[in-house]
Every structure is written in C-alpha cells, then in structure tokens.
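Input: a single structure, listed below in structure tokens.
Read the figures in this text as sums done on the coordinates, not as results from a lab. Nothing here was measured: the structure is a model prediction, and the numbers come from that model. Cβ placement follows ideal geometry from the backbone for every residue including glycine, while neighbour counts extend to all protein chains displayed.
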Amino acid sequence: MKLAWNKLPPQLRAPEAQRIAKTTCAGLLLAIVYVVVAPNWYQSTLTVVPATPSKGVSLGAQLAGSLGADLPIDLGNNADVERIAAVFESTSVTDAVINKFDLRDRYDRKYIEHARRELWSHCSPRIDRKARLVALTCEDKDPKFVKTMLEFFGDYGNKVFQRVSTTSASEEVRFLEQRVTEMRREADDSARRLRDFEEHYKVVDLESQSKAVVSAMASLRSQEISKELQLSYLNSFSARDESTAVQLRQQLSVMNAKFRALEEPAVKELSEAGARSGIANEQKVANNIFPPALAVPGLRFELEQLLRDRKIREADLLLLMQRLEMAKVNEARDTSAFQILDTPTLPTYKSRPKRSVALLTGTILGLLAGVFWVFGPRHLRSIALASGSAERERVS
C-alpha cells in the first residue's frame with residue numbers, strides 16, 4: 001500500500017488531495033450508514049373514476065337530442081374528479097382514517113392536527129382531468145398496512161361522497177319541482193293568451209284567411225273595372241239619368257264600398273266621433289272571420305309573438321321536466337358515487353430509500369465539501385487581498 005502511494009504524482013500526494021479524499025470517503029460512509037439504518041418505505045396506489053351514468057340519464061340525453069336542443073346544459077352525466085379528490089383530503093375522511101388506524105400513536109403525534117399533516121406528508125392525490133380519474137398514493141413502512149389504509153380510504157370516501165351527492169340531488173329536486181310548477185303556470189298563461197287572441201279576432205288559419213280576402217278583393221276589383229267600362233261606354237251615347245246607367249253607378253258604389261271594407265276599416269277621425277268609429281272598426285275586425293287586408297300585418301305580428309312566447313315556455317318546461325326526472329333518478333339510485341378502477345395492491349418493492357442515489361449523493365456531497373475545504377479559504381484570502389490592494393490604490 002505504501003509503495004502504491006509513493007508511485008502517485010506529487011500533486012496527488014499533497015495535503016489538499018488527502019483532505020478531498022477524506023471528505024469524499026466520509027460522505028460515502030455517511031451515505032452507507034443512512035442506507036443501512038434508514039427504514040424501507042412502500043407505496044401503493046388507489047385509482048378511482050366517476051360513476052358511469054345510469055340508464056335514466058342516457059334516456060334523458062336521448063330526449064334532449066330528440067328535442068333538437070343543442071344547449072350547453074350540464075345534465076349531470078359525470079361526477080367531478082376534483083370533488084372526489086377534495087373528499088379524500090377532507091377533514092372528515094382524514095380523521096376517520098386517523099381514528100381507524102390510530103395514526104397518532106403510529107406517527108407519535110400528540111395532537112390530531114399534527115397527525116393530519118403527517119398523514120398527508122405520506123399521501124398525495126393526483127387528478128387526471130383528461131382521463132377523468134383520481135389516483136391516491138400513500139406510503140408506509142409496512143406494505144400490508146398501506147394497502148389496508150388505502151382500501152379504507154376508498155370505502156369511507158365513497159360513502160362520504162355518496163352522502164354529499166344525495167344531499168345535492170335532493171336540493172336539486174326540490175328546486176326543479178318549484179321551477180316546473182312556475183314554468184307550467186307561465187306556459188298555461190301563454191297558451192291562454194293565444195287562445196283569447198284567436199277567439200277575439202276569429203283567427204282559424206290567418207294565412208288561408210288573408211289569401212281568401214286578397215282573392216276576393218282581386219275578383220271584386222276585376223268586376224268593378226268591367227262595370228266602369230260598361231258605364232263609360234253607356235255614357236257616350238245615353239243620358240246620365242238613363243236607368244241602365246243609374247243601375248251601373250249603384251253597382252259600382254256597392255262594389256267600391258265592399259272593396260274598401262275588405263281593404264281596411266273606415267278611417268278613424270281624431271275627434272270623439274273618430275274614437276267611437278275606431279272602437280267600432282276594431283269590433284268589426286273582431287266580428288269578421290275574414291279580416292281586412294291592411295289589418296293582417298298587425299294581426300300576424302301579434303300572433304307570431306304569442307306563438308313564439310308559447311313555444312319558448314313549452315321548450316323551457318320540457319327541459320325542466322327532463323332535468324327533474326334525471327335529478328330524481330340520481331337521488332334514488334343506489335350506485336356508488338365513484339368506482340374503483342385499480343384496487344390498492346400489496347407492494348413488494350420499496351419506494352425509498354434509493355440506495356444508488358443515496359450513495360452517489362453522499363459521494364458528491366463529500367467531494368464538494370472537500371473541494372470547498374481546500375480551495376475555499378484560499379479563494380477568500382485572494383478576494384481579501386485584492387480588495388485590500390484596491391483600497392490602498394484608491395487612498396493613494
């Protein structure tokens with residue numbers, strides 16, 4: 001051994017190299033002691049996914065499609081993975097696990113608040129939003145214990161989540177029942193207003209009625225033009241009071257009055273008589289199954305408004321009733337709030353300590369400590385000398 005040391009270059013036999021070698025060996029020795037003394041920790045993972053939608057929910061989704069309602073409405077098909085993770089980390093679930101496995105004694109913690117922090121220093125949930133799953137990973141020195149603890153996490157967390165979901169579903173059912181009652185009343189009111197309008201103005205089929213009025217006006221106008229031509233021809237060679245001319249003028253007067261009646265009601269006056277005439281004209285429109293032609297646009301506008309209001313109320317009522325049925329299904333179903341995808345397995349390989357990593361880390365830290373021990377004071381002295389010389393130059 002002595003001969004081998006003598007064969008080394010003088011640089012490697014310097015005291016600085018010996019110091020670096022000593023600190024490196026010391027770091028490696030400490031790492032070996034840590035690897036030998038440190039207990040083994042084992043990890044296991046529980047993976048859960050939201051419960052699959054029930055048949056009632058699927059049927060409700062089909063109903064929404066049949067209505068053609070491409071609305072961004074959350075129909076409650078999937079549970080929220082973030083809520084599942086929040087339930088796992090909740091105080092009620094954490095305390096149940098602590099009390100079940102007596103973790104205060106196991107972790108040597110006097111207060112339950114400290115036991116909670118210690119538990120979650122060994123457990124961590126992970127959320128995969130794209131795959132919609134939650135993975136809860138825990139570690140312990142006993143592989144059987146960590147497997148049992150994760151199984152209890154899954155069972156008790158499922159019960160808590162189901163209780164919360166049932167409460168939310170019951171509140172949703174009560175709210176939706178109230179809204180369905182209100183919306184049913186509004187739908188009945190809109191249908192009643194439409195019926196009163198159609199009865200008041202005798203609207204059976206406004207399009208057909210308006211076409212019949214226009215057709216009658218065209219026929220009447222054609223006959224009126226024919227009579228005017230006859231009267232003009234007769235006036236060219238006969239007296240004005242001739243009986244045939246008088247008869248034609250009377251026919252034209254009647255046709256003209258009928259044409260104006262089919263075209264619009266009598267013109268309203270701005271006086272009190274005009275106001276009474278307007279009331280009479282509205283009564284005339286209401287009492288005639290064929291409305292005047294110029295009154296059709298106003299009737300069509302009001303009718304379309306009433307029809308649109310009724311359709312909106314009916315569509316809202318159908319969607320609310322669909323949502324109510326699905327809420328009742330969610331309230332009544334007894335399936336789990338979430339389903340276990342991967343049950344916790346019994347770990348056979350330790351998760352820590354990593355022996356190779358510990359040895360490499362100890363060696364590197366020892367080497368760095370030796371380098372700092374050797375070159376650190378020299379570097380600091382050089383910095384001090386440089387700063388002193390710079391100060392002297394500045395003073396001089």
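What is the extension gain from A191 to S215, computed as 0.36 nm multiplied by their sequence separation minus the C-alpha to C-alpha distance, in nm to one decimal? Before the final figure, lay out each step's value.
Numbers: separation 24, 0.36 × 24 = 8.64 nm, distance 3.13 nm.
Going from the current span to full extension adds 5.5 nm.
Using Stokes-Einstein with the Kirkwood hydrodynamic radius over Cα pairs, what translational diffusion coefficient do you get for the range 79-205 at 37 °C and a viscosity of 0.692 mPa s, in µm²/s rounded to a whole number? Numbers along the way, then the final one.
Values: Rh = 18.6 Å.
Approximately 176 µm²/s, per Stokes-Einstein.
Of K100/K159; K147/K354; K100/K130; K159/K354; K22/K354; K144/K354, which sit over 27 Å apart, Cα to Cα?
Too far apart for the 27 Å limit: K100/K130; K159/K354.
Suppose the chain between A384 and R179 were pulled fully straight at 0.36 nm per residue; how much longer would it get relative to their current alpha carbon spacing? Don't skip to the end; give the middle numbers.
Details: separation 205, 0.36 × 205 = 73.80 nm, distance 8.20 nm.
Full-extension gain reported as 65.6 nm.
Efficiency by 1/(1 + (r/R0)^6): what FRET value for Q230 and E199, r their Cβ-Cβ distance, R0 = 45 Å, to the nearest 0.05?
It comes out at approximately 0.55.
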